[in-house]
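The values are calculated or read from the model by the stated rules, or taken from the named source; none is laboratory data. Model, not experiment: these values are computed from the prediction. Note that each Cβ is placed from the backbone with ideal geometry, even for glycine, and that neighbours are counted across all protein chains shown. Surface areas here come from the heavy atoms of the whole protein model, side chains and all, with no ligands, DNA or RNA. Shrake-Rupley method; radii C 1.70, N 1.55, O 1.52, S 1.80 Å.
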Amino acid sequence: MNMILILLGAPGAGKGTQAKLLAEKYKIPHISTGDMLRQAVKDKTLIGKQAKQYMDAGQLVPDGVMIEIIKERVTQADCNKGFILDGFPRTVVQADALAALFASMKLKQPQVLNFAVVDAEIIKRLSARWMCPCGAVYNTFTNPPQKAGVCDLCGKKLYQRDDDKEETARKRLDVYRKQTQPLIEYYQQKNLLINIDAARAIDAIFKDVVKHL
Ligand code: AMP
């Protein structure tokens, strides 16, 4: 099955969590631009150095940089059977560039999942999100670790993303509304949008998503 998925939704809507489950079920790569950028920052690469100031401010990294990153990634061999885009596109410019890229690669149309959650819930979720260096993600309300502050999978100490702290989280939500939300209409018009009520438990959302694909 050649499955191409785009996950849309505010920061904290649960895109990453669902992307991981979908990648496991359908055996296709989970491409998170946020994870790629965080790795680049950690490795102090040129892209990492360019991106850091924007990420710390809760702003978007420039479209040109992001489009190059995605082109490079989706043309790799492991994407032949499909892939999941989590966090890209985030602007209409990125969405247009993606459509052009798919056309040049003769790929089929993507399915676009829109994870909808109300704003008050988003801020609550972001400030409750804890990460593990191994990649696991927890939420003290919706998905707490068995022992507070410690990863269930590997036992390492959990930490909070700098940009999840309240002020930057609000800024990111603002950026989402202005720059990314128009993509809902964009994909709706192309008849590619699937709306998912993301204010539910992780497994209920996952079952619903699978039913739609
Ligand atoms: P995320 O983990 O998806 O919330 O992304 C974290 C940060 O990385 C965002 O707040 C942006 O600064 C940057 N970022 C990730 N994906 C993109 C994108 N497609 N376009 C611009 N900036 C991005």
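Checking region 47-57 against the condition returns no match, with no residue being within 26 Å of N195 (Cβ to Cβ) and either more than 10 Å from the ligand (Cβ to nearest atom) or open to solvent by less than 10 Å² (accessible area, probe 1.4 Å) (or both). Among the residues of region 139-155, is any of a type in the set (F, W, Y) and under 19 Å from the mean Cα position of the chain (by Cα)? Taking every residue of region 139-155 in turn, none turns out to be of a type in the set (F, W, Y) and under 19 Å from the mean Cα position of the chain (by Cα). Checking the structure you have, find out if any residue of region 70-87 is in contact with a Gly (Cβ under 9 Å, 6 or more places away or on another chain) and either crowded, with 21+ Cβ neighbours inside 10 Å or of a type in the set (F, W, Y) (or both). The answer is yes; a qualifying residue exists. Against the list (1) open to solvent by 10 Å² or more (accessible area, probe 1.4 Å); (2) touching a Leu at 6+ places or on another chain (Cβ under 9 Å), the condition K42 fails is (2). Considering region 1-38, and only residues there that are at pLDDT below 95 and over 21 Å from S127 (Cβ atoms), the residue that is least open to solvent (accessible area, probe 1.4 Å) turns out to be N2.
If only residues of region 71-97 that are part of a helix (DSSP H, G or I) and without any contact (Cβ under 8 Å) to a residue 40 or more places away in the chain are counted, the one that is nearest to the ligand (Cβ to nearest atom) is Q94. Scanning region 29-49 for residues that are in contact with a Phe, Trp or Tyr (Cβ under 7 Å, 6 or more places away or on another chain), at negative phi and not hydrophobic (A, V, I, L, M, F, W, C) turns up at least one hit.
Within 18 Å of K42 (Cβ to Cβ) and surrounded by 15 or more Cβ atoms within 10 Å (Cβ to Cβ), is that true of A128? Against the criterion (within 18 Å of K42 (Cβ to Cβ) and surrounded by 15 or more Cβ atoms within 10 Å (Cβ to Cβ)), A128 does not qualify.
Of everything in region 17-41 that is among the small types (G, A, S) and within 18 Å of P110 (Cβ to Cβ), the residue that is farthest from the ligand (Cβ to nearest atom) is A23.
Taking the listed residues D35, D56, the one that is farther than 30 Å from H212 by Cα and of a type in the set (D, E) is D56, with no other qualifying. Listed conditions (1) surrounded by fewer than 20 Cβ atoms within 10 Å (Cβ to Cβ); (2) out of contact with any helix residue (DSSP H, G or I) (no Cβ under 6 Å at 6 or more places or on another chain); (3) on the phi < 0 side of the Ramachandran plot are all met by D63, apart from (2).
Scan region 98-106 and give yes if some residue there is more than 8 Å from the ligand (Cβ to nearest atom), open to solvent by 60 Å² or more (accessible area, probe 1.4 Å), within 18 Å of the chain's Cα centre (by Cα) and not hydroxyl-bearing (S, T, Y), otherwise no. No, the conditions are met nowhere in region 98-106. Close contacts from region 1-23, counting a first residue that is farther than 16 Å from M36 by Cβ and a second that is surrounded by fewer than 21 Cβ atoms within 10 Å (Cβ to Cβ) and small (G, A, S), with Cβ to Cβ under 8 Å and a gap of 6+ residues or different chains, come to M1/G82; N2/G82; M3/G82; I4/G82; L5/G82; G9/A116; A13/A116.
Within region 35-88, the set of residues being of a type in the set (F, W, Y) and farther than 20 Å from L183 by Cα comprises just one member, Y54.
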